[in-house]
Amino acid sequence: MEYILALDQGTTSSRAILFDRSGRVAGLAQKEFPQHFPQPGWVEHDAGDIWRSQLDVARQVLRSTGVPARAVAAVGITNQRETTLLWDRRTGEPVARAIVWQDRRTAARCDELVAAGHSDRVQRATGLVIDAYFSGTKLAWLLDHVPGARSRAEKGELAFGTVDAWLIWNLTGGPDGGVHAMDASNASRTLLFNIHRMAWDDDMLALLDIPRAVLPKVVPSCGELGRTRASLLGAALPITGVAGDQQAATFGQACFAPGMAKNTYGTGCFMLMNTGTSAVASRNRLLTTVAWAGPRGTAPCYALEGGVFMAGATVQWLRDGLQIIRSAPEVEQLAASVPDSGDVYLVPAFTGLGAPDWDGHARGTLVGLTRGTTRAHVARAALEAIALQVADVFGAMARDASLPLAELRVDGGASANDLLMQMQADVLGVPVVRPEVTETTALGAACLAGLGAGFWQGADELSARWALDRRFEPLIGADERRARLARWREAVERSRGWARD
Ligand code: ADP
């Protein structure tokens with residue numbers, strides 16, 4: 001037993017990664033699958049594509065590395081969160097395509113719930129804000145719009161799940177004895193789960209009109225919940241770790257103590273801070289979420305979470321929209337060709353502003369242009385905008401948690417950009433640290449599975465293995481930091497309330 005197999009089911013691709021006992025990547029397979037956009041604002045995945053691509057890459061990584069299934073100690077699962085599936089328990093057939101987290105079709109329903117004054121009650125029970133992003137209103141939409149779905153659901157014929165539950169069910173046998181289970185970190189993104197009582201919440205089920213009969217059982221993020229069908233991978237492998245992608249990345253970054261935080265720089269940014277066994281209610285419109293949960297009887301670990309919509313996507317816009325760079329990494333050299341942005345600020349509110357401003361009417365704004373402004377200043381302003389948005393979330397988190405944040409652990413595609421990481425340390429005023437292994441999401445799932453299977457002994461062993469690639473120390477003083485953040489806030493104010501729709 002020398003390996004852990006991590007299944008990382010993402011929004012655009014499914015990946016399978018084998019980790020060896022030292023936590024190193026021993027093999028990786030990846031496969032993209034189709035995205036469906038049937039109407040503006042709608043995003044769907046074929047549930048069959050999700051399952052087949054995930055199974056394919058799992059088989060592929062075993063084949064390409066020559067590792068026999070019997071050498072795999074356990075399987076861990078991490079997944080795109082909130083994406084909503086509903087299937088027939090008897091046939092295993094989905095009743096419709098999966099509604100992806102990005103899908104906005106239930107935005108009007110969410111506006112109604114907010115207008116009716118339900119926000120406080122929802123935040124108290126679930127830790128979330130009412131938004132189309134989460135699974136609850138997506139599931140209600142399926143029950144209301146797929147012919148016959150509601151009555152079949154009430155009779156217990158249909159099963160609801162996020163992607164983790166769909167994979168677990170299929171891996172453990174599907175209609176033939178499959179386990180219908182969701183891990184607590186994923187459950188905490190549904191709007192249906194009470195994060196204090198760690199159980200489905202009757203009040204939320206009534207509010208969103210969801211029959212209990214569709215719900216999976218909620219299981220710990222760590223510990224055996226079932227075994228894969230032997231015919232699928234060549235042996236019946238225990239599934240012993242499951243967490244949503246951002247929570248898994250937090251685990252993979254070994255943020256085990258309260259006050260430890262990580263930020264992932266992908267298309268958007270996701271920052272999570274461990275708040276230990278207390279579920280801290282945000283006063284700054286951050287989310288409170290289950291980070292991971294151990295066996296029944298042990299207290300779960302909670303996190304505060306804040307997201308930035310446009311991070312790496314701002315760089316994509318420089319490449320594809322403005323066409324001032326040919327590839328994303330080129331932005332670093334271009335931005336470094338000028339000493340500063342010349343007081344130019346880019347507020348990338350292309351789709352509105354997320355935490356902590358939450359302004360759906362804000363739009364992208366470029367201010368401070370002069371005759372001397374060049375594409376290099378714009379590129380530099382774009383990188384600064386990523387760092388400054390993250391600083392806003394970081395500030396809100398520190399205020400909410402009343403915990404000192406000693407450093408920020410980073411990962412994701414854009415964390416490879418040294419200039420951006422230096423800017424980040426400067427505007428945060430704390431060191432930014434980048435690990436050697438930036439496959440933190442899959443590593444986190446592997447770590448949960450490895451602990452759950454007794455393959456690794458404890459969090460200390462995992463913390464000790466977290467290895468530094470590079471540490472970025474703040475190079476500017478407190479006065480300059482305050483001045484930059486204040487100037488940025490002026491630019492943000494100018495972006496607000498622009499869209500009239
Ligand atoms: P996702 O998982 O959201 O697809 P990734 O973690 O793969 O994201 O990161 C890709 C994102 O990072 C893209 O938006 C890309 O523009 C950005 N990116 C990649 N390399 C760099 C770089 N060197 N500097 C800045 N941004 C980068």
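Can you give the Rg to Rh ratio for segment 110-194, taking only C-alpha atoms and Rh from Kirkwood? Don't jump to the answer; show the numbers that get you there.
Values: Rg = 14.5 Å, Rh = 14.2 Å.
Reported Rg/Rh, Kirkwood definition of Rh: 1.02.
Modelled label positions at ALA257 and ASP144, each set 7 Å beyond Cα in the direction of Cβ, lie 4.8 nm from each other.
Roughly speaking, what is the stretch gain from ALA499 to GLU32, that is 0.36 nm per residue apart minus the C-alpha to C-alpha distance, in nm to one decimal?
Values: separation 467, 0.36 × 467 = 168.12 nm, distance 3.43 nm.
Extra length available between ALA499 and GLU32 comes to 164.7 nm.
Taken one residue at a time, the phi angles of segment 268-274 give Karplus couplings (6.51, -1.76, 1.60, θ = phi - 60°) of x, 10, 10, 10, 10, 10, 5 Hz. Gly and Pro are set to x. Estimated at 0.36 nm per residue, the fully extended path between ALA108 and LEU322 surpasses their Cα-Cα distance by 73.8 nm. So if I average 1/r over every pair of distinct C-alpha atoms in segment 42-119 and take the inverse, what Kirkwood radius in Å does that give? For segment 42-119, the Kirkwood estimate is 15.7 Å. The portion of the accessible surface of the chain made up by carbon and sulfur, rounded to a whole percent, is 51 (1.4 Å probe; DNA, RNA and ligands excluded).
As an exercise, use a Förster radius of 22 Å and the Cβ-Cβ distance of ASP56 and THR91 to find the FRET efficiency, rounded to the nearest 0.05. It would help to have the intermediate numbers written out before the result.
Working: r = 22 Å, r/R0 = 0.99.
Result of the calculation: an efficiency of 0.50.
Taking the three principal axes of the alpha carbon atoms in segment 346-501, the coordinate ranges are 61, 38, 32 Å, sorted in descending order. Here's the list of lysines a cross-link from LYS217 could span, going by alpha-carbon distance under 18 Å and ignoring same-chain residues fewer than 8 apart: LYS155.
At the listed q of 0.19, 0.25, 0.33 Å⁻¹, the Debye profile of segment 408-449, built from one uniform point per Cα, gives log10 I(q)/I(0) equal to -0.59, -0.83, -1.13. Rounded to two decimals, the Cα-based Rg/Rh of segment 422-491, with Kirkwood Rh, is 1.21. For ALA26, the residues 5 or more places off, or on other chains, whose built amide H falls under 5 Å of its own are LEU18, PHE19, ASP20. Size descriptor for the chain, Kirkwood hydrodynamic radius: 23.1 Å (Cα pairs only, one decimal). A cut-off of 5 Å between modelled amide H atoms, ignoring neighbours fewer than 5 places along the same chain, links LEU191 with SER135, GLY136.
Counting only heavy atoms of protein chains, what accessible area per residue, in Å², does the chain have with a probe of 1.4 Å?
Accessible area per residue, the chain: 39 Å².
What number comes out for the charge environment of PHE19, summing +1 per Lys or Arg and -1 per Asp or Glu over other residues with Cβ under 15 Å away? After counting each charged neighbour, the total is -2. Annotation: peptides 368-374, 257-263, ranked by per-residue average of other Cβ atoms within 10 Å with the highest first, follow the order 257-263, 368-374.
Determine the equivalent ellipsoid of segment 2-83 by diagonalising the alpha-carbon gyration tensor, then write out the semi-axes as square roots of 5 times the eigenvalues, largest first, rounded to whole Å. Display every interim value, and only then the final one.
Working: eigenvalues 157, 27, 17 Å².
Rounded to whole Å, the semi-axes are 28, 12, 9.
Using the Cβ of LEU475 as centre and a radius below 12 Å, the other residues enclosed give a net charge of -2, where K and R count +1 and D and E count -1.
The values are calculated or read from the model by the stated rules, or taken from the named source; none is laboratory data. None of these values were measured; they are calculated from a predicted model. No Cβ is skipped: glycine too gets one built from the backbone with ideal geometry, and neighbour counts run over all protein chains shown. Side chains included, ligands, DNA and RNA excluded: accessible areas come from the protein's heavy atoms. Shrake-Rupley method; radii C 1.70, N 1.55, O 1.52, S 1.80 Å.
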